[in-house]
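Novice: Here it is, the structure in full.
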Amino acid sequence: MESVTSSRTARSEEDRDTLWDAWGSWSECSRTCGGGASYSLRRCLSSKSCEGRNIRYRTCSNVDCPPEAGDFRTQQCSAHNDVKYQGQFYEWLPIFNDPDNPCSLKCQAKGTSLVVELAPKVLDGTRCYTESLDMCISGLCQIVGCDHQLGSTVKEDNCGVCNGDGSTCRLVRGQYKSQLLANKLEDTVVAIPYGSRHVRLVLKGPDHLHLETKTLQGVKGENSLSSTGSFLVENSSVDFQKFPDKEILRIPGPLTADFTIKIHYAGAADSAVQFIFYQPIIHRWRETDFFPCSASCGGGYQLTSAECYDLRSSRVVADHYCHYYPENVKPKPKLQECNLDPCPASDGYKQIMPYDLYHPLPRWESTPWTACSSSCGGGIQSRTVSCVEEDIQGLVSSVEEWKCMYTPKMPIVQPCNIFDCPKWLAQEWSPCTVTCGQGLRYRVVLCIDHRGMHTGGCSSKTKPHIKEECIVPTPCYKPKEKLPVEAKLPWYKQAQELEEGTIVSEEPTFIPEAWSACSVTCGVGIQVRLVKCQVLLSFSQSVADLPTDECEGPKPASERACYSGPCNGETGEYSLEETDLFYGGSQDFDELYDWEYDGFTQCSEICGGDHRIRPSIVWITDKSKGKMKESF
């Protein structure tokens, strides 16, 4: 009798009134991760029925499953793969979001339209819908809040914060329109940072979307999005739909890497991309601990302050990063009394600490980095770092460095431009400019940077020569033959102009690209090139485009005439006027001369020709001045 009494002492007053026994212990969780359900039972002690339920549930194992674990409903369908259905084995795939009965196990045979209810109810803990925390328990869909409590209606805000107010992220929406260029195969639509949520892009047009990723550890990846489907990219679930005239990309998030959405041009028609996502605010104000007390005894005050904190790198950064977000409101300082014990009588004074009521915590401030001491090959740049303090009116002044020693001092020097300097690279020699005797040959000498790109900045003192003499060991017996002459204009200009690159510097500079091919295959045509105003960002070693008016000095020409040789029936010679037309009269080559044959003179003897020599007359002809001198 005593044991019966003790077994019922755990029952509440309500339980005794309704004749229910105490609740039993909780069962094992239905899942080990991803959110499951556990139940507890009680029994009715009355010979009649009791009011209420004899079972209750709670959620459990509310931790994310590893990516390789797969979907819970998918696992339940695949469990029937080794069971024959109507005498045949099938590979079963889940049917999600059934509006009629989301808690039944409906599966579709892969490669067929066969859909079968393989079980009247899914296992407890299975999500009712893919985009909801609601779970199936005993065949019924139960509401689950973001706090993982059954029956809770608490939801996440768009930033992913449970019961949040949306202040930790911002909505980003926009539109991109393709701009087809002859030398451009792709373009960047939008960069979506780590942690972003509810990403949706819709492309309308003939082009294609393309994904590039970069993790916080710097690992890069890409996905061509070649077919419709759902897949994982850097552990972020991606849903892609491809139609003949449009593409739709959805990523619920949060993104586990930085995503760059690019567009690959595929047709002549323009495309448009609309995008929307919620971007996390990665710089937030964080309240500091209380400063040291303003007095060592006898009662003083101490304050808190606020510092700007980078959530990605987990470090304190300059305040202006937090000021970038209007949503960020800097918390006001908190005040409390401290060191209230009386001072010893022998001291006779109250020691004042370096901080008082009106001064926030001193901080290190730095000037911008100076320009690098060397443009390549490794240099040094420096800055000034000082300890400053801000008073209640916001006036900032320099103070002693020891006041800032509670945090490490920022470095004042750092290496820069550690890549190799550009070097000269000589190409193969051209054929000799003559077919017999003495002539000239040329080669292109390029200034190549550490990336193997044609650039400028090489020392002219160490440049290999681009022209040298050559001898063809063939006698010149023809009645009319050119003297050794300079190369024709196009070849000579190519040898000069290919190495006339302009290097991008830390000052805005006009940077011309390579000339296009001549617009015609013979005669006079047009060449064009792009000329951009660019600047080298020394910190990231990347090049940025600027508006044209940011660059000083005359802008290099973006169009010029070109000559592709004679057309059918035309002479192949150049005149000085043509030379001026093609290259603006700027010539740094020798004048051209030709041998001109006038035949033999009258014989000096009327007989005995075997013993007499009859000289011929050959003129050296300057094309601009006529005959210059007589030879043999």
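Novice: Across region 23-38, in residue order, what do the Karplus-derived ³J(HN,Hα) couplings come to in whole Hz, using 6.51 cos²θ - 1.76 cosθ + 1.60 with θ = phi - 60° and x for Gly and Pro?
Specialist: With the stated coefficients, region 23-38 comes to 5, x, 6, 6, 6, 5, 5, 6, 9, 9, 6, x, x, x, 10, 10 Hz.
Novice: Here is a follow-up. Among HIS465, HIS80, rank each residue by its count of other Cβ atoms within 10 Å, from fewest to most, as a rough exposure measure.
Specialist: HIS465, HIS80
Novice: Further, regarding this structure: Once the Cα gyration tensor of region 197-298 is diagonalised, what are the square roots of 5 times its eigenvalues, in whole Å and ordered largest first, as equivalent ellipsoid semi-axes?
Specialist: After scaling each eigenvalue by five and taking roots: 43, 14, 12 Å.
Novice: Here's a follow-up. Among 288-294, 86-92, 195-201, 106-112, how do they line up from the highest to the lowest mean number of other beta-carbon atoms within 10 Å?
Specialist: The densest-packed peptide leads the list: 195-201, 288-294, 106-112, 86-92.
Novice: Would you order SER237, SER46 from fewest to most other beta-carbon atoms within 10 Å of each residue's own beta-carbon?
Specialist: Arranged by neighbour count, lowest to highest, SER237, SER46 become SER46, SER237.
Novice: DSSP loop GluC sites (Glu not before Pro) in region 129-205 with at most 13 other Cβ atoms within 10 Å of their Cβ, which ones?
Specialist: GLU131
Novice: Hey, another quick one. What shape does region 2-142 have by the C-alpha gyration tensor, where a ≥ b ≥ c are the square roots of the eigenvalues, rounded means a/c under 1.5, and otherwise prolate means a/b greater than b/c and oblate the rest?
Specialist: Prolate is the answer for region 2-142, as a/c is 1.5 or above and a/b outweighs b/c.
Novice: Let me ask something else about it. If neighbour count is taken as other Cβ atoms inside 10 Å, put CYS65, CYS416 in order from fewest to most.
Specialist: Ascending number of Cβ neighbours within 10 Å: CYS65, CYS416.
Novice: Label points 7 Å out from Cα along the Cβ direction at TYR324 and SER366: separation in nm?
Specialist: Result for the modelled spin labels: 1.7 nm.
Novice: So, one more: Each residue of region 266-272 in turn: what ³J(HN,Hα) in whole Hz from Karplus with 6.51, -1.76, 1.60 and θ = phi - 60°, glycine and Pro shown as x?
Specialist: Rounded to whole hertz, the list is 10, x, 6, 6, 6, 10, 10.
Novice: Still on this structure: Between the DSSP loop rule and a limit of at most 16 other Cβ atoms within 10 Å, which GluC sites (Glu not before Pro) in region 264-343 are left?
Specialist: Answer in residue order: GLU327.
Each reported figure results from applying straightforward, stated rules to the coordinates on display, with no laboratory input. What you see is a predicted model; the values in this text were computed from it and never measured. Reconstructed Cβ throughout: ideal geometry from the backbone, glycine too, with neighbour counts over all protein chains shown.
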